[in-house]
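Structure record follows, encoded as C-alpha cells.
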Amino acid sequence: MIRPLSSLLVVALLAAGLVGVESCASENLQDLSGADVLPCDTTVLATYALQVQPIIDKYGCAGAACHSPGGQGLAVTGFNYQTAAGFQAAARSGQLLGALERRTGFSPMPKNQDRISDCDLATIKRWIRLGAKND
C-alpha cells in the first residue's frame, strides 16, 4: 500500500513542478533584450488600425526623420506614413515590400536599423494581400 501512495505523490509533485515551469515561462515572455516575445498569430485578419499602425509606430517609420513632412523618406519616395493613405500608396506601389524585404534596387527600411521582425513583415504582407484597407 505504501508504494502506490508514494508513486502517486511523486506524480503529483512532478505535475506541480511542470505547471509551475509553464506558468513561469508564459508570464515572462521576453527575449534577452527585454522585448516582449509573443507568438506570431498569422490567422488574425490584419487591419491597419490594430496591427499595421502599431508596426509603423514601433519602427519610427512616420517619425520626423522618415516618412513625414520634412523627413528624408518622404522626400525620396513621396509616401507620407503619417496617414493611412500614404502607407496604402506605398504598399500598392510595391515600394513598401521591396524596401522592407531589402530587395535589390530598393532603399532598405527601416533606415539604419535591423530588418523588421518576420512576424511584423508577415502581418504587413497579410494586410496587403487583404487589400491594404484603411480599417
Checklist entry - Looking at (1) modelled with pLDDT of 90 or more; (2) in contact with a helix residue (DSSP H, G or I) (Cβ under 7 Å, 6 or more places away or on another chain), which is the one condition that is false for ALA65? => result (1)
Next on the checklist: Condition first: of a type in the set (A, V, I, L, M, F, W, C) and surrounded by fewer than 17 Cβ atoms within 10 Å (Cβ to Cβ). Now tell me which residues in region 43-96 satisfy that.
Outcome noted: VAL44, LEU45, ALA49, LEU50, ALA64, ALA65, ALA75, VAL76, ALA85
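Wholly within region 49-135, which helices (runs of 4 or more DSSP H) include no fewer than the required count, namely at least 1 residues that are more than 14 Å from the chain's Cα centre (by Cα) and touching a residue at least 12 places away in the same chain (Cβ under 8 Å)? Steps first, please.
Numbers: elements: 53-58, 72-77, 84-93, 95-100, 118-129.
The helices (runs of 4 or more DSSP H) meeting that bar are 72-77, 84-93, 95-100, 118-129.
The values are calculated or read from the model by the stated rules, or taken from the named source; none is laboratory data. Keep in mind that what you see is a predicted model, and the values were worked out from it rather than measured. Cβ atoms come from the backbone with ideal geometry, glycine included; neighbour counts cover every protein chain shown.
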